[in-house]
Amino acid sequence: MPLITEADLKKQIKSRSFSPVYVLCGSEQLYIRQYTKLLTDAVTGKAPSDFNFHRFSGEVNLDTVASAIGVVPFMSEYNCVLLTDIFLDMMSADELDKLKSICKMKAEGTVLILSMPSYVPKRNAKAWEAIQKRAQKDGSVVKFDKPTDDKLEKYIAKWANQQGKFITRLNAARLIKLCGNDLTRLKNEVDKLCAYTEGEEIQMDAIDLLVAQTLEARMRKRRSR
């Protein structure tokens, strides 16, 4: 299966038509975290048992991971194995090969989720790409990359609307200029502005007063002088 989109992943979650393996990665950490939770909750249910839900992070024992994949679901439709932010750069070549083999393991009723919301491999970047390609053959790989400014403006407007507030595209663009394109930071700033704003519209002066500029924004300002 090729790379799938965010919309494809939503459809799979809604229909409960799960792939045997998922890789969730990219540069947009907020959405990787959110969809990891949505997918995991959909697979495991609201109250997963320790028998059917196995979570690993950081430095992991791959033999233990492989054993968890082989567990037969007990009083549950699925067995879920979640690997989140595992230390790929600390793995040897043999361990990376073993992880690649794990990504092609097929056990009836098991869903393997490999999620990297805050850790991006650098030393083993090529091996990480190979693992993603291996996962694509039997499963689903979703890459959440930084959205365009146009899409960011829509996200900002949506977050404001959810809190009963309104923001113009001009003011949303101002917020992006100050904060950059990190969704987590933008969401936090929108929440702060909504709490501060008494009326319905988030005004430019509130943005300039409350939103701390990133180092990059300050540097751009200095260079423009």
Quiz prompt | Value of [θ]222 nm, deg cm²/dmol, for the chain, DSSP H segments ≥ 4, -39500 (n - 2.57) each, nearest 500 | solution = -15500 deg cm²/dmol
Quiz item: Of [x] 8, 28, 27, 20, 14, 3, 0; [y] 7, 25, 25, 16, 11, 8, 5, 2, 1, 0; [z] 7, 27, 31, 21, 11, 4, 0, which one was derived for P(r) over Cα pairs in 10 Å bins from 0, in percent from the structure shown?
Solution: [x]
Self-check item: Euclidean distance between Cα centres, the range 66-119 to the range 155-193, Å
Solution: 36
Self-check item: Kirkwood Rh, Cα atoms: Rg over Rh of the range 83-175
Solution: 1.17
Quiz item: Given springs between every Cα pair under 10 Å in a Gaussian network model of the chain, which of Met91, Met116, Met75 has the largest fluctuation?
Solution: Met75
Quiz item: Are there any helices in the chain, counted as whole DSSP H runs, that stretch 27 Å or more along their axis by Cα and score at least 1.6 on average by Kyte-Doolittle, and if so which?
Solution: none
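Which of rounded, prolate, oblate describes the range 1-42, given a ≥ b ≥ c as roots of the alpha-carbon gyration tensor eigenvalues and a/c under 1.5 marking rounded, otherwise prolate only if a/b is larger than b/c?
Here the range 1-42 falls in the oblate category.
Every number in this text was worked out from the coordinates using simple rules, so none of it is lab data. The model shown is predicted, which means the values in this text are computed figures rather than measured ones.
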